[in-house]
Amino acid sequence: TTTTTTKKPDDFPKYFDTNKEDSTLHDIEWIRDRMYYWKKGVEKHQNKAARQPSGQYMTFWSDCGGFNNIRMGFEYMVLVAYLTNRTLVMPPNEGWYLIDWGQRSRMHSDDSSGKTGYAEFFDFDHLNLEVQTMETEQFVQEMTDKLDIDSKYAAKGYFASGIRDWRKYLNGLADTADVNMPWGPLAHILNWPSIEAVQRSDHKPDNMFISNRDNIEYTERQQQLPWIHFPSCDKGDPGTSRDYRYLGQVASFVWFDAAEKDNDLKRMLRDHVHLKDEVMFYASYIVQKLGAFQYAALHIRRNELQYKQSFIAAEQSLKHIKPLLKEKEVLYIATDEKDPKFFEMMEKEYIVYKWRDFVEKDGKMYLGDDIEMPRKYEGVIEMAVCGMARIFFGTDTSTFTSYITRLRGYFDAPDTSTYHHNEQWSGDLKRDSQKHHKLWGQTYMDEFPEMWENIKGSY
């Protein structure tokens, strides 16, 4: 168990906390073992025979949003490839919004010509134990004749100079062959293995999960296609598309005819679709300084976010969260706020640390000259640091926040409930911790607790 309790008169804890000794919570090997949550699942599956390629493929484009929108879309593609046993064709490396280009308050670089690929962030050795992947170059070589692909795209090194022509060409092929998949999960529920199978079963979704979404299935025609395509932001209006924007919480993408099939999928996503261990390795240095589960973490988004109503004063945030904080609790704040005085109100009452305190030489907890954090990893490292806090308060319209909540579930943090700094909390933990526990199927910004609760301790 990871929790101890301070009792209130009704026998419900005042707060969730860890029962580990302080020396353990500063032990970097213990911390890393906790953060490498996928190890047991991978070890179990490494001796399994690899899935045999089906000879069928699926292509996709990355989402046009920031990292966590890209991550959501990627999880959806892995899910579909896993269910359909298709080889997942990775798009050529390209510039990712707020990683390689765009106005950035954090992770700024004067060079906006950079490119990013999924293998920089996700462990493909572990992914390929369950899902076959290949590079676009190999896909072109294998499918040139079958799809009548223009031979210029098979030229060695073609994609190193850019992908704009290929993108337009592939979308045109998909339109002509009618292989685009209008499965956007905010408007559709993929019934697996079919709509009929789900309707015949005893395992049916409730109205809250359905949320006015349409049932879809993998049709007989689609099953026979050698190739299917997910065009993402390239088809329809990215801001309003119900069909081709593959965003939403992964727990609501598909409904199975049996609950255990759903749990199998959740285990696959937990153990095989995870950030690279380098991310956790770097994050562990900060967690060691703070002490695992010995601090409260906040994610306060102040700049590159389209939902401006989420921006509130620090005094208001503190008023909202204070009922759930311990007296004099250490706070770690992940933020893109540029004004160093913005959090002064919090600093008057609490010991506050931010990213710069660990990575800049004049920082209060400087890690040292021999630890250099990769620029592209700053965001994901901070997600992991927030994940190892006792309690976490996020921004209510941020997918950065929602993934931290899932990481906390995977880390088995003391309190894995969803809390936002934009909402007033009562301090009644029994009530507060349940506020966002049951979610609508169209929920986009909060993680479904089933993602970790239903598979805790099972591999």
Of all strands (runs of 3 or more DSSP E) completely enclosed by segment 157-231, which ones contain at least 2 residues that are of a type in the set (Phe, Trp, Tyr) and either surrounded by fewer than 12 Cβ atoms within 10 Å (Cβ to Cβ) or within 29 Å of the chain's Cα centre (by Cα) (or both)?
227-230
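Residue-by-condition table, conditions (1) surrounded by fewer than 20 Cβ atoms within 10 Å (Cβ to Cβ); (2) closer than 30 Å to Gly172 by Cβ; (3) touching an Asp or Glu at 6+ places or on another chain (Cβ under 7 Å):
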{"site": "Lys20", "(1), (2), (3)": "yes, no, no"}
{"site": "Ser23", "(1), (2), (3)": "yes, no, no"}
{"site": "Lys40", "(1), (2), (3)": "yes, no, no"}
{"site": "Glu43", "(1), (2), (3)": "yes, no, no"}
{"site": "Pro53", "(1), (2), (3)": "yes, yes, no"}
{"site": "Tyr57", "(1), (2), (3)": "no, yes, no"}
{"site": "Arg71", "(1), (2), (3)": "no, yes, no"}
{"site": "Pro91", "(1), (2), (3)": "no, yes, no"}
{"site": "Thr116", "(1), (2), (3)": "yes, yes, yes"}
Determine whether segment 399-412 contains at least one residue that is farther than 18 Å from Gly73 by Cβ, open to solvent by less than 10 Å² (accessible area, probe 1.4 Å) and in a loop (DSSP other than H, G, I, E, B).
no
Please enumerate the residues belonging to segment 328-387 that are assigned to a loop (DSSP other than H, G, I, E, B), charged (D, E, K, R) and in contact (Cβ under 8 Å) with a residue 24 or more places away in the chain.
Glu329, Asp336, Glu337, Lys338
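Take segment 31-55 and flag every residue that is in a helix (DSSP H, G or I) and more than 30 Å from Trp227 (Cα to Cα). Lay out the reasoning, then the answer.
At the first step, the residues of segment 31-55 found to be in a helix (DSSP H, G or I) are 31-35, 39-45.
Result: Ile31, Arg32, Asp33, Arg34, Met35, Lys39, Lys40, Gly41, Glu43, Lys44.
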Do we have any residue at all in segment 238-258 that's among the acidic types (Asp, Glu) and in contact with a strand residue (DSSP E or B) (Cβ under 6 Å, 6 or more places away or on another chain)?
no
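So, Lys430, is that one outside any loop (DSSP other than H, G, I, E, B), open to solvent by 10 Å² or more (accessible area, probe 1.4 Å) and more than 23 Å from Arg34 (Cα to Cα) or not? Explain how you work it out, then say what you get.
On the way: outside any loop (DSSP other than H, G, I, E, B): yes; open to solvent by 10 Å² or more (accessible area, probe 1.4 Å): yes; more than 23 Å from Arg34 (Cα to Cα): yes.
Considered against the rule, which asks whether it is outside any loop (DSSP other than H, G, I, E, B), open to solvent by 10 Å² or more (accessible area, probe 1.4 Å) and more than 23 Å from Arg34 (Cα to Cα), Lys430 comes out as yes.
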Look at Glu349 and say whether it is of a type outside the set (A, V, I, L, M, F, W, C), under 24 Å from the mean Cα position of the chain (by Cα) and open to solvent by 10 Å² or more (accessible area, probe 1.4 Å).
no
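The values are calculated or read from the model by the stated rules, or taken from the named source; none is laboratory data. Since this is a predicted model, take the numbers as computed values, not measurements. No Cβ is skipped: glycine too gets one built from the backbone with ideal geometry, and neighbour counts run over all protein chains shown. Please note that ligands, DNA and RNA were not included when accessible areas were found on the heavy atoms of the full protein model with its side chains. Shrake-Rupley method; radii C 1.70, N 1.55, O 1.52, S 1.80 Å.
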